[in-house]
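Here is the structure we will look at.
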Amino acid sequence: MIEQTQNPDQKFEYAEDDEINLLDYWRVIWKRRRMIGWLVGAVVLATVVISLTMTNIYQAKALITPISAKDSGGGGAISALAQQFGGLPGIALPASSSATEIVNLLKSNILREKVIERYQLLPVLFYKQWDAEKKDWKRGAGSGISLNPMTYLGKLASAVISGEEKGVRKKDPGIPDVWDGLRMLEGIVKINPSIKENSITIMVDYYDPEMAAKMVDYFLTALTDHMSTEARRVASINQKYLEEQLGKTADPLIKQKIYNLIAQQLETSMMAEVKENFAFKVIDPPKVPDRKIKPKRAQMVMLSFVVAVFMGIFAAFFMEYLEKVKARK
């Protein structure tokens with residue numbers, strides 16, 4: 001075997017080369033320190049200006065939990081009774097509302113459309129286009145000058161999207177409709193279910209903290225009304241069907257079973273009429289937030305500073321490389 005001998009002075013040469021390279025890097029950075037400083041200052045200043053022009057957003061939220069069949073007292077008894085006697089064809093048994101059903105309702109357009117129409121949220125969602133004094137929509141709104149560059153980016157994006165769309169045209173292009181409100185609510189309302197804790201969090205992000213809390217309450221009220229109305233409708237259909245079956249049977253055992261089912265339907269309808277804690281229970285009601293959640297201006301400035309430093313260093317080495325290429329030529 002051939003033994004390879006290493007010169008002990010070679011380690012010192014490697015270390016000296018590393019020190020020279022690091023020193024060369026530092027010389028390049030020091031040489032371009034003014035350019036790096038101007039770039040960092042400009043980026044940080046632009047970030048500060050943009051962050052100050054951004055609107056503060058507040059978040060209001062509520063925590064709810066579905067009520068189980070055992071707690072509701074109606075659906076579980078009917079299911080147990082129906083299973084005991086073998087069930088009746090053609091009757092829809094009311095079951096307890098699951099978290100999935102409530103989440104789907106909160107995200108559905110039918111519930112959000114009810115909220116928009118019942119509480120007249122279009123002027124609230126599109127407050128910049130609404131004239132509060134005249135109680136009418138502004139014609140030709142948005143022609144003013146804004147210092148926020150995101151405003152012009154949004155207008156450009158909306159112009160591109162509207163140019164690509166080939167759907168049904170609005171009656172008045174300058175007035176928002178229900179579809180615009182539904183699209184706006186997608187970015188404002190957030191539904192966060194927790195399967196582990198069997199809870200649902202409803203969050204609303206809005207520039208007005210009081211209105212954010214009100215909108216959460218609007219959704220809770222609309223959800224309660226919708227679910228109670230649907231439960232009463234189903235109970236009424238079931239009751240009519242059971243009364244029809246009662247006149248067709250002569251078996252006293254079956255009649256007793258039908259009477260019990262009718263009583264349960266009446267109980268379900270009465271509970272739905274009360275509405276309080278019918279399908280879900282409010283654990284944490286909405287409150288007016290006292291602090292904004294965004295924009296996080298300090299984080300934006302710190303992040304822009306770090307990014308600008310790296311950009312400046314990269315630009316310094318790139319300019320040094322160009323100088324060396326010119327010198328070689």
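The values are calculated or read from the model by the stated rules, or taken from the named source; none is laboratory data. This is a predicted model, so every value here is computed, not measured. Neighbour counts are summed over all protein chains in view; Cβ atoms, including those assigned to glycine, are modelled from backbone coordinates with ideal geometry. Heads up: the accessible areas ignore ligands, DNA and RNA and are worked out on the full protein's heavy atoms, side chains in. Shrake-Rupley method; radii C 1.70, N 1.55, O 1.52, S 1.80 Å.
So the values come out like this:
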quantity	calculated
Total residues in segment 215-234, condition out of contact with any Pro (no Cβ under 7 Å at 6 or more places or on another chain) and either of a type in the set (Val, Ile, Thr) or without any contact (Cβ under 8 Å) to a residue 24 or more places away in the chain (or both)	5
Only one of 101, 113 that is open to solvent by 30 Å² or more (accessible area, probe 1.4 Å), assigned to a helix (DSSP H, G or I), in contact with a Gly (Cβ under 9 Å, 6 or more places away or on another chain) and modelled with pLDDT of 80 or more	113
Pairs where the first residue, in segment 283-310, is under 20 Å from residue 57 (Cα atoms) and the second is aliphatic (A, V, I, L, M) and in a helix (DSSP H, G or I), C-beta under 7 Å, 6+ apart	286/213; 286/216; 287/213; 288/213; 289/212; 301/44; 301/48
Residue within segment 34-52 that is among the charged types (D, E, K, R), in a helix (DSSP H, G or I) and at pLDDT 90 or above present	yes
Residue within segment 280-293 that is hydrophobic (A, V, I, L, M, F, W, C) and under 24 Å from residue 54 (Cα atoms) present	yes
Subset tally (residues that are in contact with a helix residue (DSSP H, G or I) (Cβ under 7 Å, 6 or more places away or on another chain), of a type in the set (A, V, I, L, M, F, W, C) and over 17 Å from residue 110 (Cα atoms)) for segment 203-227	2
Whichever residue in segment 244-254 is in contact with a helix residue (DSSP H, G or I) (Cβ under 7 Å, 6 or more places away or on another chain) and of a type outside the set (A, V, I, L, M) and, among such residues, is nearest to residue 266 (Cα to Cα)	245
Selection count where residues are under 12 Å from residue 107 (Cα atoms) and either among the basic types (Lys, Arg) or open to solvent by 20 Å² or more (accessible area, probe 1.4 Å) (or both), scope segment 188-202	4
